[in-house]
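The values are calculated or read from the model by the stated rules, or taken from the named source; none is laboratory data. The model shown is predicted, which means the values in this text are computed figures rather than measured ones. Note: ideal-geometry Cβ built from the backbone for every residue, glycine included; neighbour counts use all protein chains shown.
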Amino acid sequence: MFIYLHGFNSSGESAKGKYFAEQLSEFPFYRPSYPADPDAAIEYLKDYITERLEPEGKNVLIGTSLGGYYAQYLARHFSSNQSTSTQSTWSVVMINPALDPATTLTPYFGRQTNYYTGEEYYFAEPELQQLLRYDVSSPCDSPLPTLLLLDQGDEVIDYQTSLNVYANCAQCHTFPGGDHQFQHLDQAVSLIRNFFDQKC
């Protein structure tokens with residue numbers, strides 16, 4: 001099973017989410033849209049994933065930008081809380097992830113409008129503090145199979161930040177150029193397939 005987690009001000013209807021769903025259509029693939037409020041988003045996703053997880057199968061969370069931040073937390077949550085009789089595995093694919101929201105999202109404090117849903121909301125210090133509760137500060141201390149895909153030309157997040165965090169416990173692939181939207185989707189699909197077959 002694949003679950004795609006979208007980024008800040010995006011939704012499950014984003015172009016990337018649809019692209020991955022089409023390219024990986026032989027697998028169960030889900031693209032939830034979840035609340036902007038971080039606590040509400042995590043609670044929604046815990047319930048959503050619980051209803052769809054494969055107890056005996058491979059479960060992969062693909063997260064882009066802020067979705068990558070959520071993915072690393074949620075994969076560990078489910079991996080550590082599953083019963084001893086459950087044989088499922090949890091893996092993470094992160095694409096240009098926002099692993100330091102205090103740096104990445106502070107410039108966006110204020111009124112926001114979701115690009116896809118039109119939802120209007122306010123994002124400021126209280127919401128940032130919610131986000132920080134879901135930080136995985138040392139992921140290599142509790143490693144899960146992880147694939148990290150980065151565009152070096154990301155104008156929003158310094159790709160080196162994520163690379164420094166995961167260099168010792170993930171498959172890391174960086175691409176020259178590109179941007180925060182991530183411009184190497186074809187290569188990503190091939191890498192995700194190989195990752196699923198070999199590591200998950």
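Matching residues to (1) over 29 Å from ASP37 (Cα atoms); (2) among the aliphatic types (A, V, I, L, M):
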residue	(1), (2)
PRO145	no, no
LEU150	no, yes
ASP179	no, no
ASP186	yes, no
SER190	yes, no
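Can you spot a residue in the range 105-125 that is acidic (Asp, Glu), under 18 Å from ALA41 (Cβ atoms) and touching a Pro at 6+ places or on another chain (Cβ under 7 Å)? No, because not a single residue in the range 105-125 is acidic (Asp, Glu), under 18 Å from ALA41 (Cβ atoms) and touching a Pro at 6+ places or on another chain (Cβ under 7 Å). Of all the residues in the range 13-29, those that are surrounded by fewer than 19 Cβ atoms within 10 Å (Cβ to Cβ) and part of a loop (DSSP other than H, G, I, E, B) number 6.
Of the set (1) modelled with pLDDT of 95 or more; (2) loosely packed, with under 14 Cβ neighbours inside 10 Å, all apply to ARG52 but (1). The number of residues in the range 146-181 that are surrounded by 21 or more Cβ atoms within 10 Å (Cβ to Cβ) and at positive phi comes to 0.
Checking the structure you have, find out if any residue of the range 76-93 is closer than 30 Å to GLY178 by Cβ, free of Cβ contacts under 8 Å to residues at least 24 places away in the same chain and assigned to a loop (DSSP other than H, G, I, E, B). The answer is no; no qualifying residue exists. Of all residues in the range 114-141, which are surrounded by fewer than 12 Cβ atoms within 10 Å (Cβ to Cβ) and of a type in the set (Ser, Thr, Tyr)? Matches in the range 114-141: SER137, SER138. Would you check if GLN183 is polar (S, T, N, Q) and in contact with a Phe, Trp or Tyr (Cβ under 8 Å, 6 or more places away or on another chain)? Against the criterion (polar (S, T, N, Q) and in contact with a Phe, Trp or Tyr (Cβ under 8 Å, 6 or more places away or on another chain)), GLN183 qualifies.
The set of residues in the range 30-49 that are of a type outside the set (A, V, I, L, M, F, W, C), within 21 Å of THR104 (Cβ to Cβ) and not in a loop (DSSP other than H, G, I, E, B) comprises PRO38, ASP39. Among the residues that make up the range 111-129, is at least one of them among the hydrophobic types (A, V, I, L, M, F, W, C) and either under 18 Å from VAL165 (Cβ atoms) or within 13 Å of the chain's Cα centre (by Cα) (or both)? Checked the range 111-129: no residue is among the hydrophobic types (A, V, I, L, M, F, W, C) and either under 18 Å from VAL165 (Cβ atoms) or within 13 Å of the chain's Cα centre (by Cα) (or both). Pairs are defined by a Cβ separation below 7 Å, a sequence spacing of at least 6 or placement on different chains, a first member in the range 174-199 that is touching a residue at least 24 places away in the same chain (Cβ under 8 Å), and a second member that is of a type in the set (Val, Ile, Thr) and part of a loop (DSSP other than H, G, I, E, B); the pairs so defined are HIS180/VAL156; HIS180/ILE157.
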